[in-house]
Amino acid sequence: MLEDGESRDGIMSALGCDSRFIARWSGRFLNERLAGMYARHPGRAPVQPPANLEARVLSRTLKHQTI
């Protein structure tokens with residue numbers, strides 16, 4: 001949006017963010033291009049193994065089918 005000529009005030013009102021947010025992401029983009037657009041934190045590990053969760057979802061889906 002900045003590159004398209006949008007003002008910071010216009011971006012803040014359109015996105016509902018503050019100037020620090022715009023500065024952070026525009027700085028990352030200028031320094032690292034698209035690589036800078038990815039989150040910096042790795043996230044958290046799943047509470048239970050994904051296979052267990054998939055099995056629970058499948059089981060519930062099969063038991064509660066609607067026709």
Exercise. Could you run through the range 32-67 and say how many residues are more than 15 Å from Glu3 (Cβ to Cβ) and in a helix (DSSP H, G or I)?
Key: 16
Quiz item: For the range 3-18, how many residues meet the condition of being under 18 Å from the mean Cα position of the chain (by Cα), over 19 Å from Phe29 (Cα atoms) and in a helix (DSSP H, G or I)?
Solution: 1
Quiz prompt | Count of the range 1-19 residues which are of a type in the set (A, V, I, L, M) and at pLDDT 90 or above | solution = 4
Practice problem: Scan the range 24-40 for residues that are among the basic types (Lys, Arg), more than 20 Å from Arg8 (Cα to Cα) and over 16 Å from the mean Cα position of the chain (by Cα) and report the count. | Solution: 0
Exercise. Find all pairs meeting these conditions: Cβ atoms under 6 angstrom apart; at least six residues apart or on different chains; first residue within the range 1-21 and surrounded by 11 or more Cβ atoms within 10 Å (Cβ to Cβ); second residue aliphatic (A, V, I, L, M) and assigned to a helix (DSSP H, G or I).
Key: Met1/Ile11; Arg8/Ile22; Ile11/Ile22
Quiz prompt | Where a residue in the range 34-47 is touching a residue at least 12 places away in the same chain (Cβ under 8 Å) and its partner, wherever it lies, is surrounded by 10 or more Cβ atoms within 10 Å (Cβ to Cβ), with Cβ under 8 Å and at least six apart | solution = Met37/Trp25; Met37/Arg28; Met37/Phe29
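The values are calculated or read from the model by the stated rules, or taken from the named source; none is laboratory data. Not measured: the values here are computed from a predicted model. Every residue, glycine among them, receives a Cβ derived from its backbone with ideal geometry; neighbour counts consider all protein chains shown.
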